[in-house]
Amino acid sequence: MANPAVIVNFKVYTEVEGESSLRLSQICARVAEESGANIIVCPPMVELGRVCASAGIPVFSQNVDPRSPGSGTGFTTPSLVKSAGAAGTLINHSEHKQPAEDVAKCVELCKALGLRTCVCADTVADAAILARNSPEFVAVEPPELIGGDISVTTANPKIVGDTVDAVKAVDSGIAVLCGAGVKNGADVKAAVDLGASGVLLASGVVKSKDPEAVMRDLIKFI
Ligand code: G3P
């Protein structure tokens, strides 16, 4: 299988406010460079430009809105994300959900700009529906496990395997990720063993006292 993806979503934790986002991104970049691991970072929206300019690693936005440039105060267009230097974006994260038609529009706008897309889903059924937009990634994350200490791969391995099957039945070219509670290399290995193409995680890295050690551990089996 292709080099599994490890997408680190910084969310909006205090730990990543200001220059801390750039520092964490540079840690991720160092680990990626040394190991060859396929690591992507998602800094807070207001840090996107600064991180893209200096991090030396692929950067995704945490969200885009289904909007074209023009009037739209406070919205984030795919075009703005692209011009900030991002390689892609999360869409429909469990903490920032959008109606299905808006997700479709976001994916379409991003593809037109050459932006990579990771569409999130709470359930197998949602993942299958959203796969119809053919994003690069579909990431399944049971909301009740997000931010917790038990990895989805331990608490609910079935949702991972079932999502892989459901998404691949719609579009075999989509890479399926899983997330929620992922903390270490064993969790990442379990995800890959279940058929996933990587993981989407946040608190295990962002809230750690030693994010570099966590990053090295996360990629040790891949
Ligand atoms: O986007 C990643 C996510 O929602 C999972 O968060 O803290 O459980 O790794 P966490």
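Got a sec? Which of Ser79, Ser68 is part of a loop (DSSP other than H, G, I, E, B), without any contact (Cβ under 8 Å) to a residue 60 or more places away in the chain and closer than 26 Å to Leu130 by Cβ? Don't jump to the end; show me each part of the working.
Values: Ser79 fails: part of a loop (DSSP other than H, G, I, E, B).
Selected residue: Ser68, the only one of Ser79, Ser68 that is part of a loop (DSSP other than H, G, I, E, B), without any contact (Cβ under 8 Å) to a residue 60 or more places away in the chain and closer than 26 Å to Leu130 by Cβ.
Here are Thr163, Thr154: which of them is open to solvent by 30 Å² or more (accessible area, probe 1.4 Å) and either of a type in the set (Ser, Thr, Tyr) or in contact with a strand residue (DSSP E or B) (Cβ under 7 Å, 6 or more places away or on another chain) (or both)?
Details: Thr163 fails: open to solvent by 30 Å² or more (accessible area, probe 1.4 Å).
Result: Thr154 is the single residue among Thr163, Thr154 that is open to solvent by 30 Å² or more (accessible area, probe 1.4 Å) and either of a type in the set (Ser, Thr, Tyr) or in contact with a strand residue (DSSP E or B) (Cβ under 7 Å, 6 or more places away or on another chain) (or both).
From the residues in the range 33-48 that are touching a residue at least 40 places away in the same chain (Cβ under 8 Å) and open to solvent by 20 Å² or more (accessible area, probe 1.4 Å), which one is nearest to Asn3 (Cα to Cα)?
Filtering the range 33-48 down to residues touching a residue at least 40 places away in the same chain (Cβ under 8 Å) leaves 35, 37-40, 42.
Next, only the ones that are open to solvent by 20 Å² or more (accessible area, probe 1.4 Å) stay: 35, 38.
Details: Ser35: 11, Asn38: 6 Å.
Out of the qualifying residues, it is Asn38.
Any idea which residue in the range 1-21 is nearest to the ligand (Cβ to nearest atom), counting only those that are hydrophobic (A, V, I, L, M, F, W, C) and open to solvent by 30 Å² or more (accessible area, probe 1.4 Å)? Give the steps one after another, and end with the answer.
Pass one, the range 1-21, residues hydrophobic (A, V, I, L, M, F, W, C): 1-2, 5-8, 10, 12, 16.
Next, only the ones that are open to solvent by 30 Å² or more (accessible area, probe 1.4 Å) stay: 1-2, 12.
Working: Met1: 21, Ala2: 21, Val12: 12 Å.
Result: Val12.
Checking the structure you have, find out if any residue of the range 189-199 is within 16 Å of Asp149 (Cα to Cα) and outside any helix (DSSP H, G or I).
If we filter the range 189-199 for residues that are within 16 Å of Asp149 (Cα to Cα), which is where we start, we get 190-191, 199.
Subsequent filtering for residues that are outside any helix (DSSP H, G or I) retains 199.
Yes, some residue in the range 189-199 is within 16 Å of Asp149 (Cα to Cα) and outside any helix (DSSP H, G or I).
Kindly evaluate Ser172 against the criterion of being open to solvent by 40 Å² or more (accessible area, probe 1.4 Å) and either small (Gly, Ala, Ser) or within 15 Å of the ligand (Cβ to nearest atom) (or both).
Numbers: open to solvent by 40 Å² or more (accessible area, probe 1.4 Å): yes; either small (Gly, Ala, Ser) or within 15 Å of the ligand (Cβ to nearest atom) (or both): yes.
Yes.
Among the residues of the range 76-100, count how many are buried (at least 20 other Cβ atoms within 10 Å of the Cβ) and hydrophobic (A, V, I, L, M, F, W, C).
4
Which condition number does Lys97 fail, the rest of (1) assigned to a helix (DSSP H, G or I); (2) free of Cβ contacts under 8 Å to residues at least 40 places away in the same chain being met?
(1)
Pull up the range 111-152, narrow it to residues that are part of a strand (DSSP E or B) and either within 10 Å of the ligand (Cβ to nearest atom) or in contact (Cβ under 8 Å) with a residue 60 or more places away in the chain (or both), then point me to the one that is farthest from Asn92 (Cα to Cα). Full working, then the answer.
Step one: of the range 111-152, the residues part of a strand (DSSP E or B) are 116-121, 137-140.
Remaining after also requiring either within 10 Å of the ligand (Cβ to nearest atom) or in contact (Cβ under 8 Å) with a residue 60 or more places away in the chain (or both): 118, 120, 137, 139.
On the way: Cys118: 9, Cys120: 5, Phe137: 12, Ala139: 10 Å.
In this case the residue turns out to be Phe137.
The values are calculated or read from the model by the stated rules, or taken from the named source; none is laboratory data. All of these numbers come straight from a predicted model, not from anything done at the bench. Ideal geometry is used to build each Cβ from the backbone, glycine not excepted, and the neighbour counts take in all protein chains shown. Heavy atoms of the whole protein, side chains included, go into the accessibility calculation; ligands, DNA and RNA do not. Shrake-Rupley method; radii C 1.70, N 1.55, O 1.52, S 1.80 Å.
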